[in-house]
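Contents: one structure, followed by commentary.
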Amino acid sequence: MELRNKNILVFGLAESGVGASNLLASLGAKVTVTDRKPKEALMKYVERLLPAVRLSLGGYPDGILQGVDMIVLSPGVPPDIQPLKKAMEIGIRIIGELELAYQIISRQQSAVSGQKTKFLAITGTNGKSTTTTLLNEMLNKGGFRTILGGNIGNALTEELNKLKVKSEKLEVDYIVAEVSSFQLEAIEMFRPDGASILNITPDHMDRYHSMGKYKDAKAQIFANQGEGDFLVLNADDIETMKVESEKLKVKSERPETFYFSRKKEVNGIYFKDGVIYSNFNSSLLTLNSQLIHADEIKIKGVHNLENAMAASAMALLAKCPVDAIVKTLKEFPGLEHRLEFVRDLDGVDYINDSKGTNVGAVIKSLESFSGPVILIAGGRDKAGDFSILRPLVKERVKALVLIGEAREKINKALGDLTETRFADDFKEAVMISRRCASRGDVVLLSPACASFDMFRDFEDRGRQFKKIVGDLN
């Protein structure tokens with residue numbers, strides 16, 4: 001992929017847009033970045049752009065496609081907007097920021113004999129960030145040099161730009177990437193050496209409109225994989241196993257497939273009687289042994305047990321030493337906004353799960369608590385089916401405190417099951433929750449919705465929750 005002096009248009013100025021624009025400019029491309037938002041709303045990104053990057057902000061003007069050789073698409077930009085439809089009609093090549101990073105690395109490696117930086121990619125509706133970070137920690141403890149990036153918050157192109165990737169050797173063993181369905185929509189050649197699908201539950205239905213299209217996007221993670229590659233799947237997840245049967249088993253060239261499971265013995269990693277076992281019999285790895293007792297794993301919860309198993313399977317297949325994996329599982333404290341313990345106040349635990357932006361995430365969170373829960377939920381709806389939560393809400397939720405644009409919809413789906421209250425702002429939601437809670441209860445922020453109706457992002461929502469809870473006395 002020749003970039004020097006090519007006219008490249010980057011759609012979407014956020015983390016990925018900044019990373020892609022700066023990397024392209026550093027490699028000699030003529031770069032313009034465009035976004036529908038005005039410049040004043042994007043200043044924190046504009047300030048990070050190299051001087052050579054041109055701006056076309058506040059909409060997509062007529063003539064924006066004139067002379068463009070290639071478009072790089074940020075994951076937050078839907079591919080069906082009119083300028084992109086027009087670009088496809090006139091034959092302009094469109095790739096995503098993930099694909100750009102992959103192709104630049106592939107080109108760099110082809111110029112340096114004997115080098116092979118391997119890609120490890122993780123997708124799924126829930127658990128991606130925790131699993132990706134766990135895997136990266138395991139590899140670092142095992143002595144490998146890594147780059148961590150992707151949908152996790154730091155764009156891969158930005159990480160490559162920090163390393164000044166041009167023609168010199170890339171001193172990295174593994175690139176560990178969290179990849180979203182949005183990123184996978186816009187791949188061409190992306191072929192991870194190792195990949196994992198953690199789970200697939202309804203999410204982003206405002207963009208995909210059907211589970212079939214959402215699953216198709218997730219399945220792209222193994223679309224280019226073949227002999228010598230590996231894939232790790234959740235054997236307990238119905239939709240993931242459907243993807244295997246519908247998409248993977250019909251491929252003529254397939255990666256070697258392994259599994260993780262909380263419920264049965266599998267070829268890979270499984271949980272039984274309080275212990276996690278490794279069970280690999282393949283050309284890539286032969287290992288049959290006890291790995292760790294589940295109660296030794298520092299991060300708690302059903303979903304984190306699955307995340308730990310997925311990361312362990314990936315790490316073992318990447319030749320990471322077992323002792324490094326076990327040490328990481330015993331020490332890793334978890335990520336902010338993922339079932340994060342905030343404080344115990346008067347015998348009530350306050351838990352920040354602001355990253356629970358879809359129904360599937362809330363199911364995993366509620367499954368992690370046996371005592372009564374006061375659940376704070378709501379925000380901007382992503383066309384979620386909240387009725388799926390009915391069995392768990394009936395069984396475990398003592399009270400619902402609803403906020404944001406989706407509160408009426410959630411109330412209609414769940415409000416008859418338990419005491420339900422509305423709050424007009426976040427502080428009121430916390431105060432109502434405190435009044436509802438008794439010693440031994442849990443106040444859980446797990447919104448099942450996006451945050452953009454009331455907050456900048458899920459991190460902002462989680463930090464405001466922690467500040468309000470921290471100020472209680």
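The values are calculated or read from the model by the stated rules, or taken from the named source; none is laboratory data. On a predicted model such as this, the values are computed, not experimentally measured, just so you know. We place every Cβ from the backbone using ideal geometry, glycine too, and count neighbours over all the protein chains shown. SASA here: full protein model, heavy atoms, side chains in, ligands and nucleic acids out. Shrake-Rupley method; radii C 1.70, N 1.55, O 1.52, S 1.80 Å.
Worth pointing out:
- Remark: Val10 matches the filter, which requires a residue to be outside any loop (DSSP other than H, G, I, E, B), modelled with pLDDT of 95 or more and closer than 23 Å to Glu178 by Cα.
- Residue count, segment 24-38 (criterion: in contact with a helix residue (DSSP H, G or I) (Cβ under 7 Å, 6 or more places away or on another chain) and at pLDDT below 95): 1
- Filtered residue count, segment 5-25, keeping only those that are of a type outside the set (S, T, N, Q), farther than 16 Å from Asn161 by Cβ and open to solvent by 40 Å² or more (accessible area, probe 1.4 Å): 1
- Residue in segment 26-49 that is part of a helix (DSSP H, G or I), in contact with a strand residue (DSSP E or B) (Cβ under 8 Å, 6 or more places away or on another chain) and either of a type in the set (Gly, Ala, Ser) or open to solvent by 50 Å² or more (accessible area, probe 1.4 Å) (or both) present: yes
- Subset of segment 343-361 that is among the hydrophobic types (A, V, I, L, M, F, W, C) and in contact with an Asp or Glu (Cβ under 8 Å, 6 or more places away or on another chain) - its residue that is farthest from Gly143 (Cα to Cα): Val348
- For beta carbons closer than 8 Å, sequence separation of 6+ or different chains, a first residue in segment 125-150 that is in contact (Cβ under 8 Å) with a residue 60 or more places away in the chain and a second that is part of a strand (DSSP E or B) and among the aromatic types (Phe, Trp, Tyr), the qualifying pairs are Leu139/Tyr174; Phe144/Tyr174.
- Extreme residue, nearest to Cys436 (Cα to Cα), among residues of segment 389-408 that are part of a helix (DSSP H, G or I) and open to solvent by 10 Å² or more (accessible area, probe 1.4 Å): Arg396
- Test: Lys382 is among the charged types (D, E, K, R), modelled with pLDDT under 95, outside any helix (DSSP H, G or I) and buried (at least 23 other Cβ atoms within 10 Å of the Cβ): no
- One residue stands out in segment 443-470 among those that are more than 23 Å from His204 (Cβ to Cβ) and in contact with a Lys or Arg (Cβ under 9 Å, 6 or more places away or on another chain): the one that is most open to solvent (accessible area, probe 1.4 Å), namely Gln464.
- Selected residue [touching a residue at least 40 places away in the same chain (Cβ under 8 Å) and open to solvent by 20 Å² or more (accessible area, probe 1.4 Å)] from Arg435, Arg338: Arg338
- Any hit, segment 130-144, residues being in contact with a helix residue (DSSP H, G or I) (Cβ under 8 Å, 6 or more places away or on another chain), open to solvent by 20 Å² or more (accessible area, probe 1.4 Å) and in a strand (DSSP E or B): no
- In segment 412-441, residue nearest to Asp385 (Cα to Cα) [restricted to those that are hydrophobic (A, V, I, L, M, F, W, C) and assigned to a loop (DSSP other than H, G, I, E, B)]: Leu417
- If the condition is being of a type in the set (Val, Ile, Thr) and open to solvent by 10 Å² or more (accessible area, probe 1.4 Å), then segment 148-164 contributes only Ile152.
So that you can scan it fast, the table gives a plain yes or no per residue for (1) over 20 Å from Gly96 (Cβ atoms); (2) touching a helix residue (DSSP H, G or I) at 6+ places or on another chain (Cβ under 7 Å):
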{"site": "Ala155", "(1), (2)": "no, yes"}
{"site": "Ala177", "(1), (2)": "no, yes"}
{"site": "Asn199", "(1), (2)": "yes, yes"}
{"site": "Ser210", "(1), (2)": "yes, no"}
{"site": "Lys215", "(1), (2)": "no, yes"}
{"site": "Phe230", "(1), (2)": "yes, yes"}
{"site": "Lys249", "(1), (2)": "yes, no"}
{"site": "Tyr259", "(1), (2)": "yes, no"}
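- Applying the set (1) among the acidic types (Asp, Glu); (2) within 21 Å of Ala315 (Cα to Cα); (3) modelled with pLDDT under 90; (4) open to solvent by less than 40 Å² (accessible area, probe 1.4 Å) to Glu171 leaves exactly one unmet item: (4).
- Considering each residue of segment 85-108 in turn, at least one proves to be within 17 Å of Asp193 (Cβ to Cβ), polar (S, T, N, Q) and open to solvent by 10 Å² or more (accessible area, probe 1.4 Å).
- Condition check for Phe280: assigned to a loop (DSSP other than H, G, I, E, B), aromatic (Phe, Trp, Tyr) and open to solvent by less than 40 Å² (accessible area, probe 1.4 Å): no
- Checked against the criterion of being in contact (Cβ under 8 Å) with a residue 60 or more places away in the chain and either of a type outside the set (S, T, N, Q) or open to solvent by less than 80 Å² (accessible area, probe 1.4 Å) (or both), the candidates Phe271, Phe258, Phe230 yield just one match: Phe230.
- Restricting attention to segment 283-329, the residues being of a type in the set (S, T, N, Q) and open to solvent by less than 60 Å² (accessible area, probe 1.4 Å) number 5.
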